[in-house]
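The values are calculated or read from the model by the stated rules, or taken from the named source; none is laboratory data. This structure is a prediction, so every number in the text was calculated from the model and none was measured. Neighbour counts are summed over all protein chains in view; Cβ atoms, including those assigned to glycine, are modelled from backbone coordinates with ideal geometry. With ligands, DNA and RNA removed, areas are computed over all heavy atoms of the protein, side chains included. Shrake-Rupley method; radii C 1.70, N 1.55, O 1.52, S 1.80 Å.
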Amino acid sequence: GRESFLKMIRQEDVPFDYLPMPGEVRTNLKLVDESTRTVTEFNEPGISMNQSQLEDFLNLLKEKSEKSDYVVLSGRLPEGCEETTYQRCLKVLEGKRCVLDCAGETLLHGIKEKPFLIKPNLPEIEAIMKKELRTLHKTIRKVTDDIENFSFMIEYGSQNVIISMGKYGAMLVSRKDTFFAPALMVEARSTVGAGDAMIGGVLAGLSRGESLEDSFRCGVAAGAASVMTDGTQLLRRPDFEA
C-alpha cells in the first residue's frame, strides 16, 4: 500500500512530494516462468481521479517543477482521467524540456504539445501503427529502412524519439540524426523498470551537459544495468558505469 511505497522512496533518499488520494497504490504482478523466462503481467487499474483532483495536481506540478530543466511524465493515467490529460500537463509545463513515456491515444494527444522526448517501446509503436515491426532485428540495414516508420512521430510533434526494443536494441530518431544501439550482452534477470531506467540514464547524461547522442549511450547502459538485477531492484551504479 501507500506506506510501503513511501518507505521505498525514503530509503532511496529521493526528494518527493505527492497529492494524497483516497485508495491504495496499485499493485502490478509479474509472473516469471523460470524455464522459458517468459513474463506474464497482471497490471491493476489503480485509483480514480476526478477533475477537481486533477486541477489540484496540475497546480502542484507547476509549482514543484518551477526550477526544473527537465520533467518526466510517465505511466498509465489514473482511472477517470481523459486521454488528453498528459497534453494538459504539458501545457502547464510550457518552456520545460518534457519527456513523455506513455502509450496509445494518450501518447498521440501528448505529442501535439511537442515534448522534448518520447520513449515508446516496440509493442507500443506497433500498436499505434497497427503494424508488426519485428523484422527490425534481422539486419542493421533493415533497421535503417524502417526509420521512416518512426519519423512520423517527429512530424506529429515530438522533438526526439527513443524506441526501446528489448533484445533487438534501441533507436534514437531526431530531426537531424538517427542512431541505432544493439542490445548489450548482459544476463537479463528482470525487465521490470528497464524503460524507466533508460530515461534516467538519458537525463543523467543531458544534465551533465553531454550531447543527445552520448546521453542515448547513457540510457542504453542504464537500461542494460537495470535488467541485470532481480525483480524491482534498482540498477547498480558499477553495472551502469561498466
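Candidates are the residues of segment 191-205 that are part of a helix (DSSP H, G or I) and not hydrophobic (A, V, I, L, M, F, W, C); the one that is surrounded by the most Cβ atoms within 10 Å (Cβ to Cβ) is Gly201.
Scanning segment 186-242 for residues that are among the aliphatic types (A, V, I, L, M), farther than 13 Å from Ala170 by Cα and touching a Phe, Trp or Tyr at 6+ places or on another chain (Cβ under 8 Å) gives Leu203, Leu206, Ala225.
Among residues that are within 28 Å of Gln87 (Cα to Cα) and of a type outside the set (D, E, K, R), Leu203 is included. The sole residue among Val25, Val99 that is surrounded by 12 or more Cβ atoms within 10 Å (Cβ to Cβ) and in a loop (DSSP other than H, G, I, E, B) is Val25.
Number of residues in segment 166-190 that are under 16 Å from Ala221 (Cβ atoms), surrounded by 17 or more Cβ atoms within 10 Å (Cβ to Cβ) and not small (Gly, Ala, Ser): the value is 3.
What about Glu148, is it outside any loop (DSSP other than H, G, I, E, B), at pLDDT below 90 and open to solvent by 80 Å² or more (accessible area, probe 1.4 Å)? Spelling it out, Glu148 is indeed outside any loop (DSSP other than H, G, I, E, B), at pLDDT below 90 and open to solvent by 80 Å² or more (accessible area, probe 1.4 Å). Looking at segment 168-183, can you tell me whether even one residue there is within 25 Å of Glu155 (Cα to Cα), in contact with a Pro (Cβ under 7 Å, 6 or more places away or on another chain) and not aliphatic (A, V, I, L, M)? Looking through segment 168-183, at least one residue is within 25 Å of Glu155 (Cα to Cα), in contact with a Pro (Cβ under 7 Å, 6 or more places away or on another chain) and not aliphatic (A, V, I, L, M). Would you check if Val32 is closer than 23 Å to Gly195 by Cα, open to solvent by 40 Å² or more (accessible area, probe 1.4 Å), of a type in the set (A, V, I, L, M) and touching a helix residue (DSSP H, G or I) at 6+ places or on another chain (Cβ under 7 Å)? Answer is no for this residue. Of the residues Arg189, Arg217, the single one that is modelled with pLDDT under 90 and of a type outside the set (Asp, Glu) is Arg189. The residues listed here are Leu54, Leu6, Leu29; of these, the one that is of a type in the set (A, V, I, L, M, F, W, C) and under 21 Å from Gln87 (Cβ atoms) is Leu54. Residues of segment 39-73 that are modelled with pLDDT under 95, charged (D, E, K, R) and farther than 21 Å from Phe116 by Cβ: Glu41, Glu44.
Residue-level check: of (1) at pLDDT below 95; (2) open to solvent by less than 70 Å² (accessible area, probe 1.4 Å); (3) under 21 Å from Gly195 (Cβ atoms), Arg76 misses just (2). Listed residues Phe16, Phe42, Phe5; which is outside any helix (DSSP H, G or I), of a type outside the set (D, E, K, R), under 30 Å from Glu187 (Cα atoms) and within 21 Å of the chain's Cα centre (by Cα)? Going through Phe16, Phe42, Phe5 in turn, just one is outside any helix (DSSP H, G or I), of a type outside the set (D, E, K, R), under 30 Å from Glu187 (Cα atoms) and within 21 Å of the chain's Cα centre (by Cα): Phe42.
Scoring Arg217 on the criteria (1) in contact (Cβ under 8 Å) with a residue 60 or more places away in the chain; (2) touching a strand residue (DSSP E or B) at 6+ places or on another chain (Cβ under 8 Å); (3) not small (Gly, Ala, Ser) leaves a single failure, condition (1).
Conditions tested, residue by residue: (1) surrounded by 12 or more Cβ atoms within 10 Å (Cβ to Cβ); (2) part of a helix (DSSP H, G or I).
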{"residue": "Phe57", "(1), (2)": "yes, yes"}
{"residue": "Lys67", "(1), (2)": "no, no"}
{"residue": "Glu83", "(1), (2)": "yes, no"}
{"residue": "Arg88", "(1), (2)": "yes, yes"}
{"residue": "Glu94", "(1), (2)": "no, no"}
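Within segment 102-129, the set of residues being among the aliphatic types (A, V, I, L, M) and open to solvent by less than 10 Å² (accessible area, probe 1.4 Å) comprises Leu107, Ile111, Leu117, Ile118, Leu122, Ile125.
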